[in-house]
Amino acid sequence: MMGNVYGLDLGTYEIKVYDKKKDKLWQEKNAIAMKNKRYIFALGDEAYRMNEKAPEDIEVIFPMKNGVIAHFDDMQYLLGSLLDRERRFSWGAEYVIAVPTDVTEVEKKAFFDLFFHSEAKARSVRIVERGLADAVGSGIDVLGEKGIFVANFGGGTTELSVLSSGGMVLNRLLKTGGEDFDNAIAGLVRHNQDFLIGRTTAERLRKEFGVFDESTGSAITVYGRDLVTGVPSQTEVSISLVRAAMKDPLEECVHAIQSMIDRTPPDVRRVILKRGICLTGGMANLKGLSTYIREITGLPVRTLEHPELSAVRGLRRIISDKSYYKRLTYSMLGEDYRWLR
Ligand SMILES: Nc1ncnc2c1ncn2[C@@H]1O[C@H](COP(=O)(O)OP(=O)(O)OP(=O)(O)O)[C@@H](O)[C@H]1O
Ligand SMILES: [Mg+2]
């Protein structure tokens with residue numbers, strides 16, 4: 001019997017998987033909850049929910065950091081367990097993995113090795129540049145189109161790709177993602193109000209307030225720890241404080257978009273200026289983000305539904321379409337491997 005084929009987009013925040021046999025997409029948070037630093041207590045979404053809520057002997061760890069694998073063994077264990085949970089006997093499967101382009105060869109190879117050197121005995125492991133998968137998943141004719149700009153706003157990174165005729169022209173991975181926006185919010189609340197909030201609370205504030213519109217004056221009550229008294233308590237955080245905290249990371253991302261467009265070869269740039277930017281990644285859900293980018297860059301901006309699933313939707317298409325598979329995937333073994341195709 002032929003083994004299954006899996007498409008994987010391994011994100012800092014969430015793992016997205018396409019299972020070919022079931023023709024199904026699923027996602028789980030990229031998190032592990034450890035008890036007493038030794039025992040695995042919970043995995044995926046369940047582990048993420050424990051963050052900041054669990055008793056002190058439970059610690060939630062995140063195997064990836066800013067788009068790359070920070071804890072290889074944990075990542076391998078988490079993936080193996082999640083895949084096993086979905087379907088037992090996944091031995092001999094083929095894995096097609098979307099990876100960031102602008103990382104070191106060692107970081108890139110680690111994605112490959114997760115499956116190649118694992119107990120799962122992979123039948124084959126193929127790599128796709130994530131920017132390409134993202135564009136395919138956004139419904140773009142990646143092989144034919146002469147100028148594509150994809151900006152993937154993720155949980156731990158912002159990845160910018162300029163593509164043309166099925167190839168990567170320019171790529172940059174900024175180590176700034178949703179998590180950094182949340183840290184900035186938590187940092188400013190701490191500084192201005194002597195109040196400690198966690199990452200999930202900051203995330204809630206960011207999602208609620210968004211980045212761009214005229215609304216002022218609203219505030220949200222959050223729970224955390226009062227740093228003056230030292231006791232758990234609640235406080236109000238205003239929209240203006242949240243917006244102020246997000247200003248720097250937001251500007252960094254938008255400037256990077258502008259400077260990449262400036263560096264794009266003229267014939268490719270001409271097409272991009274007409275077609276605009278395609279926004280993907282979970283942060284593309286952020287209220288006002290596409291309007292903000294459109295205002296600043298003056299370019300048309302397009303966001304699809306569930307932009308966080310764009311790359312894994314692309315993997316699904318690449319796995320089922322022979323010409324995409326042949327042109328866009330490669331192995332990292334031996335002479336097959338060419339950097340930046
Ligand atoms: N509705 C929403 N509004 C605002 N932000 C959102 C929304 N939904 C998801 N996000 C944010 O999107 C981010 C996750 O996006 P995504 O799943 O694309 O990241 P990832 O692929 O795991 O990370 P990366 O690609 O950077 O390694 C999180 O920071 C999350 O808070
Ligand atoms: Mg991602």
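The values are calculated or read from the model by the stated rules, or taken from the named source; none is laboratory data. Here the structure is a predicted model, which means the values were calculated and not measured. In this analysis, Cβ positions are derived from the backbone assuming ideal geometry, glycine residues included, and neighbour counts consider all displayed protein chains.
Of all the listed residues (G92, G139, G67, G154), the sole one being in contact with a Gly (Cβ under 6 Å, 6 or more places away or on another chain) and surrounded by fewer than 20 Cβ atoms within 10 Å (Cβ to Cβ) is G92. Here's a check for you: in region 13-50, which residue that is aromatic (F, W, Y) and over 13 Å from V312 (Cβ atoms) is farthest from the chain's Cα centre (by Cα)? In this case the residue turns out to be Y39. Total residues in region 153-211 satisfying the condition of being within 11 Å of ligand 1 (Cβ to nearest atom) and in a strand (DSSP E or B): the figure is 5.
One residue alone among T297, T291 is surrounded by fewer than 17 Cβ atoms within 10 Å (Cβ to Cβ) and either closer than 21 Å to V5 by Cβ or among the β-branched types (V, I, T) (or both), and that residue is T291. Pairs are defined by a Cβ separation below 7 Å, a sequence spacing of at least 6 or placement on different chains, a first member in region 1-30 that is free of Cβ contacts under 8 Å to residues at least 40 places away in the same chain, and a second member that is more than 10 Å from ligand 2 (Cβ to nearest atom) and not in a strand (DSSP E or B); the pairs so defined are K29/G44; K29/D45; K29/A47; K29/Y48. Candidates A120, A93, A98: the one that is of a type in the set (G, A, S), on the phi < 0 side of the Ramachandran plot and modelled with pLDDT of 95 or more is A98. Among the residues examined, I140 qualifies as within 22 Å of K20 (Cα to Cα), at pLDDT 95 or above, more than 16 Å from ligand 1 (Cβ to nearest atom) and touching a strand residue (DSSP E or B) at 6+ places or on another chain (Cβ under 9 Å).
Restricting region 218-277 to residues that are of a type in the set (G, A, S) and either within 22 Å of the chain's Cα centre (by Cα) or in a helix (DSSP H, G or I) (or both), which is nearest to E208 (Cα to Cα)? Of everything passing the filter in region 218-277, S240 is nearest to E208 (Cα to Cα).
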